[in-house]
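Undergrad: Below you will find the structure I want to go over with you.
The values are calculated or read from the model by the stated rules, or taken from the named source; none is laboratory data. Because the structure is predicted, anything quoted here is derived from the model rather than measured. Because the Cβ atoms are built from the backbone with ideal geometry, glycine has one as well, and the counts that use them run over all protein chains shown.
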Amino acid sequence: METHDVNIRLNLLANSNDNLERKIPMLRILAFAALLATSLTPVHAGEARKALLYKNPQCGCCEGYADYLRRNGFQVEVKPTNDLAEISRKAGIPAEFQGCHTTFIDGYVVDGHVPVKTVEKLLTQRPDIAGIALPGMPMGSPGMVGEKTEPFTIYAIPKDGKQPEVYATE
């Protein structure tokens, strides 16, 4: 129902004295519907966040990570490249913190097999950093085979080139 239609109905109901007690609950429902209709952002309305994932053309686990993001509500575009290290470096990821793919989501870089819980934390908190990284290819991480054998340490990548610091542990 359009906001304009809701306002017309509210006016009609409010200006009529017939069965006012019956109309008050309907007024409340229509007012709530109008509030919802005007306050939803695209993400809340079910629109997937866009993710651009760069990966080595021969890497299969990167496709697994892309599928993992898709299952968690992201719209993922995968771009195979032979310049992954350079893309990661330009995004501010030091060589020793690079994973096997580099993803750009909503103004941030997400490098490696970072769990979606930490990605959502990043996108919700919106810290003043370049992004986050889970170095290497840890067994049992999203998109990887095997059992998780230890907690994953995800690092915050600063914009100023300083040393990354722990952002989250999962």
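Undergrad: Return the residues of the stretch 120-170 that are assigned to a loop (DSSP other than H, G, I, E, B), closer than 16 Å to GLY92 by Cα and not basic (Lys, Arg); say none if nothing qualifies.
TA: PRO127, ASP128, ILE129, ALA130, PRO135, PRO158, ASP160, GLY161, GLN163, PRO164
Undergrad: Okay, moving on. Of the conditions (1) at pLDDT 90 or above; (2) within 19 Å of the chain's Cα centre (by Cα); (3) assigned to a loop (DSSP other than H, G, I, E, B), ASN82 satisfies every one except a single condition; which number is it?
TA: (2)
Undergrad: Check ALA48 against each of (1) closer than 15 Å to GLY143 by Cα; (2) in contact (Cβ under 8 Å) with a residue 12 or more places away in the chain; (3) under 16 Å from the mean Cα position of the chain (by Cα) and name the one condition it does not meet.
TA: (1)
Undergrad: Looking at (1) modelled with pLDDT of 95 or more; (2) loosely packed, with under 13 Cβ neighbours inside 10 Å, which is the one condition that is false for GLU150?
TA: Status for GLU150: all satisfied but (1).
Undergrad: Touching a Leu at 6+ places or on another chain (Cβ under 9 Å), of a type outside the set (A, V, I, L, M, F, W, C), modelled with pLDDT of 95 or more and not in a loop (DSSP other than H, G, I, E, B): does that describe LYS50?
TA: no
Undergrad: Right, next: Return the pair list, or none, for Cβ contacts closer than 7 Å from residues in the stretch 107-123 that are aromatic (Phe, Trp, Tyr) to residues that are in a helix (DSSP H, G or I) and modelled with pLDDT of 95 or more, at least 6 apart or on different chains.
TA: TYR108/LEU122
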